[in-house]
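Presented below is the structure to which this report refers.
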Amino acid sequence: MIIATHSGKFHADDVWAVAVLDIVFPGCELVRSRDPEIIAASDFAVDVGGIWDPQAGRFDHHQKGFDGARLSGVTYASAGLVWKEHGARCVKRIAEMHAGYEITEEQAREIAYAIDGDLVQYLDMADNGAARNAPGGYGLSAVISGFNPTWIDEQAAGAAAEDLRLQQFRRAMAFMADIIVNAVRYRVGGLLAVQQVKQSTLLEDGRVLFLENGALPWATLVRNQMPKVLFVIGRNAAEQRYTLHAVPANPETFEARKDLPAAWAGLREADLAAVTGVPDAVFCHNKRFIAAARSYEGIREMARLALEE
């Protein structure tokens, strides 16, 4: 199978789109051209060709009259068009190949929708001029743009400039593929952690949650579904210690349902032990959202003290 996209300078939206197709349909040949005959002969045409027809493998958004948009009103570019059609399939394949788990079609669609909201729509916005980057000066759109050869590189390459662009496009694709895989693995991990978090032990009249595996992603579930929990204890087997986390009240800030005691802020080892009375206390972050102790008994006592504060 052949994936065609335009030659010349590339952008994050076409790199994302081609990377997704390459994951879903491994072994495809990539062609970068604006030749109408080459584009017409390809199995997929991305960001070029003037046609949006998913069934025919056509994913362009530059043509006159194009009005494809999300329900939110954010207009599609090639990244979103390909993700809309093949995102769930891409998620399912990555879950199986890279995370080692079989997920349902519905779960794959939910994860694809979340990734669109968190990431893909911003690539489209940047490409369509609705946002300068995706988001910020060092957002993904800007980073991918940096893979393009500079005019100095192209001047030095001479007649081989387009070969250099293809080489750089492939480098950008590999980078983007890692981002896609990581985005899926992170969300699959969160999905699979839900039951373990729900079944974990509640302590101190339900105000403290104890996770045997402290690496489980818990914040969103606890914030949305466990309103009584103020602190989460997690066991860190690798570092042989226990952590005490304040539950975030807002996913965008360090604001917590209840902070750790002000007297603990920034203290470590003996200084923290003196203030808490816990001999194996390790540290408390200066922002008072996490503390640690070496034993379960120690962290339980720190949790009790934090609740009483």
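The values are calculated or read from the model by the stated rules, or taken from the named source; none is laboratory data. Computed from a prediction, not measured in an experiment: that's the story for all the values here. Methodologically, a virtual Cβ is constructed for each residue, glycine included, from the backbone with ideal geometry; neighbour enumeration extends over all protein chains shown.
Details
- Candidate set: the range 203-220, residues that are at pLDDT 95 or above and over 19 Å from Arg241 (Cα atoms); chosen: the one surrounded by the fewest Cβ atoms within 10 Å (Cβ to Cβ): Asp205
- Any chance Trp83 is crowded, with 24+ Cβ neighbours inside 10 Å, within 22 Å of Gln121 (Cβ to Cβ) and either touching a residue at least 12 places away in the same chain (Cβ under 8 Å) or in the same structural domain as Met125 (by TED's automatic domain parsing) (or both): yes
- Reported count of residues in the range 97-122, each being surrounded by 14 or more Cβ atoms within 10 Å (Cβ to Cβ) and either within 12 Å of Ile23 (Cα to Cα) or not assigned by TED's automatic domain parsing to the domain that holds Phe25 (or both), is 1.
- Test: residue in the range 11-34 that is more than 19 Å from Asp178 (Cβ to Cβ), surrounded by fewer than 16 Cβ atoms within 10 Å (Cβ to Cβ), touching a Leu at 6+ places or on another chain (Cβ under 9 Å) and assigned by TED's automatic domain parsing to the domain that holds Phe169: no
Residue-wise test of (1) at pLDDT 90 or above; (2) within 26 Å of Gly57 (Cβ to Cβ); (3) part of a helix (DSSP H, G or I).
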| residue | (1), (2), (3) |
| --- | --- |
| Arg89 | yes, yes, yes |
| Ile103 | yes, yes, no |
| Arg109 | yes, yes, yes |
| Pro135 | no, no, no |
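- Residue pairs meeting the criteria (Cβ under 8 Å; at least 6 apart or on separate chains; first over 13 Å from Phe10 (Cα atoms), in the range 146-166; second in a loop (DSSP other than H, G, I, E, B)): Ala157/Pro149; Ala161/Pro149
- Of all residues assigned to the range 2-16, none qualifies as being assigned to a helix (DSSP H, G or I) and farther than 23 Å from Leu166 by Cβ.
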